[in-house]
Amino acid sequence: MTVNVSFEFFPPRTPEGVMKLRAVRRELTTLKPEYFSVTFGAGGSTREGTWNTVVEMQDEGLSVAPHISCIGTTRESVRTLLAGYRERGIRRIVALRGDMPSGAAGGAGDFRYANELVEFARAETGDWFHITVAAYPEYHPQSHSPVADLQSFVRKVDAGADSAITQYFYNFDAYARFVDDARGLGCNVPIVAGVMPIASYTQLARFSDTCGAEIPRW
């Protein structure tokens, strides 16, 4: 059985980070991933890093999917990004709401939720991009309930999403239940499981507490 995987990178902030990322992706390329994705920060410098990383990887002949998030973005800035990625022949993006920067207030930007971003991207570019969105098997920590979160996911699919990647999880039952519930509502797009290797339990526990992922007792 063939298993297709992708790897997610954060854009490096230092010259040393750039060199390390190059070495890591050379190693991971040997696994023949379907694509690499690059996250999209809330700050201007981080977003420039996303663009630079995406361009460099594409120039190396790698399949790459840049993230685009709602927080702090305007329609014009997203329009410019979409046009730039399309001009370079990039065919896949990951559309997310994104996280509010620490200490920031409100939700500055022209988009409140990811479904609005997906709808805008479709209106601007038609079917050019394969659009991937996020899914939360254990539901988003800012959601009122699993039902409300599932409805949010349905809106993203209805807006034009082609596939979804889940927040990482270790509770398979939650994932299976989410997929079954989504299928029951007519969402037939692929829902790919997100995986987080455990390198540091302390770091994992802190991050899991923030994003609402359950860590099993084992």
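Within the span defined as region 41-57, every residue fails to be modelled with pLDDT of 95 or more, closer than 20 Å to Lys156 by Cβ and buried (at least 19 other Cβ atoms within 10 Å of the Cβ). Scanning region 147-162 for residues that are assigned to a loop (DSSP other than H, G, I, E, B), in contact with a helix residue (DSSP H, G or I) (Cβ under 6 Å, 6 or more places away or on another chain) and surrounded by fewer than 20 Cβ atoms within 10 Å (Cβ to Cβ) yields a total of 1.
Summed over region 180-189, residues that are buried (at least 18 other Cβ atoms within 10 Å of the Cβ) and not in a loop (DSSP other than H, G, I, E, B) total 1.
Being assigned to a helix (DSSP H, G or I), of a type in the set (Gly, Ala, Ser), at pLDDT 90 or above and touching a Leu at 6+ places or on another chain (Cβ under 9 Å): is that true of Ala95 here? Spell out the reasoning first.
Numbers: assigned to a helix (DSSP H, G or I): no; of a type in the set (Gly, Ala, Ser): yes; at pLDDT 90 or above: yes; touching a Leu at 6+ places or on another chain (Cβ under 9 Å): yes.
Here the answer is no, as Ala95 does not meet what is asked.
For region 15-30, the condition holds for no residue, the condition being that it is at pLDDT 90 or above and within 17 Å of the chain's Cα centre (by Cα).
Among the conditions (1) without any contact (Cβ under 8 Å) to a residue 40 or more places away in the chain; (2) assigned to a helix (DSSP H, G or I), the only one that Thr53 does not satisfy is (1).
Every condition in (1) out of contact with any Leu (no Cβ under 7 Å at 6 or more places or on another chain); (2) among the aromatic types (Phe, Trp, Tyr); (3) modelled with pLDDT under 95 holds for Phe129 except the one numbered (3).
The values are calculated or read from the model by the stated rules, or taken from the named source; none is laboratory data. Note that the structure is a prediction, hence the values are computed from the model and not measured. When we count neighbours, we look across all protein chains shown, and the Cβ atoms used for this are built from the backbone with ideal geometry, even at glycine.
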